[in-house]
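What follows is calculated from the coordinates using simple rules that are stated; it is not laboratory data. Being a predicted model, the structure only gives us computed values, none of them experimental. Here Cβ is always computed from backbone atoms with ideal geometry, including for glycine, and neighbour counts include all displayed protein chains.
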Amino acid sequence: MTEAAERSVHSHPKYHHGRSPAAWAGVLLGLVGFVVGSIGFLVGPDPEAIDPNWLVIGIGAAIVVAGMIATVVLRAVGLGND
């Protein structure tokens, strides 16, 4: 194999078992989103009532969706598993 062909084949590092920047970004954003959403279920606007705070739950859901989008984008630019 020529040197140029070898460089093109090995132009980015290989990641195994999901240990890539794309996977880590998705997992961390998903974790943060679920924690924020869980806090929204526990802390409602009225402390005496058992009502969830839907705004905080929505923010948590948006963070989870942002994590999914970030994973797809990072994988598309070459920072994920092949």
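Remarks
- Inter-label distance for Ala49 and Val35, nm, one decimal - labels placed 7 Å from Cα along Cα-to-Cβ: 2.9
- Karplus 3J(HN,Hα) series, Hz, for region 64-75 with 6.51 cos²θ - 1.76 cosθ + 1.60 (x for Gly, Pro): 4, 5, 4, x, 5, 5, 4, 5, 5, 5, 5, 5
- Per-peptide average of other Cβ atoms within 10 Å, ordering 39-46, 74-81, 23-30 highest first: 23-30, 74-81, 39-46
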